[in-house]
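Below: one structure, written as structure tokens.
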Amino acid sequence: TKAAVEEGIVPGGGSVLVEISGELSKMKLEGEEKFGLDIVTKALTEPLRQIAMNAGIDGGIVVNEVRNRKEGIGYDASTNQYVDMLKEGIIDPAKVARAAIQNATSVAALLLTTEASVVDKGEEKTPEPAPHQMGGMY
């Protein structure tokens, strides 16, 4: 894609975000800054966690496994294996990954500095009744 040509590629599937999270967690901060850093480091693991959960695997286990492997190794949900993401062609444009982090940070900063926000309440969902059994039908 054009974004990949502009800024290159990174290992995909959320693995590079887990690596960034690990590097950020090494920072020594205190107070509110530490609290903010903890939120960011956890948020960076969520894409991989969700990919694993969508594959029916415990996301926490997958995140820890990727975190403890060498750089560039990630989780391939289609094969349920830990692989070299670049070698397997599981990639993300670096520009897209960077922009996602920047935009998420910008929104979070906006929410933190806003004294109030307005949201839609949404509709209450009522559970649908169970279908009637159709005895005798095979």
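The values are calculated or read from the model by the stated rules, or taken from the named source; none is laboratory data. Treat the numbers as computed from the prediction; the structure is a model and nothing was measured. Neighbour counts are summed over all protein chains in view; Cβ atoms, including those assigned to glycine, are modelled from backbone coordinates with ideal geometry.
Could you look through segment 1-26, keep only residues that are among the hydrophobic types (A, V, I, L, M, F, W, C), modelled with pLDDT of 90 or more and more than 15 Å from Thr105 (Cβ to Cβ), and pick out the one that is nearest to the chain's Cα centre (by Cα)? Here the answer is Val18.
Being touching a residue at least 40 places away in the same chain (Cβ under 8 Å), surrounded by 10 or more Cβ atoms within 10 Å (Cβ to Cβ), small (Gly, Ala, Ser) and not in a strand (DSSP E or B), is that true of even one residue in segment 90-100? Yes - at least one qualifying residue is present in segment 90-100. In the set (1) surrounded by 15 or more Cβ atoms within 10 Å (Cβ to Cβ); (2) farther than 17 Å from Ala99 by Cα, Leu44 fails one condition alone, (2).
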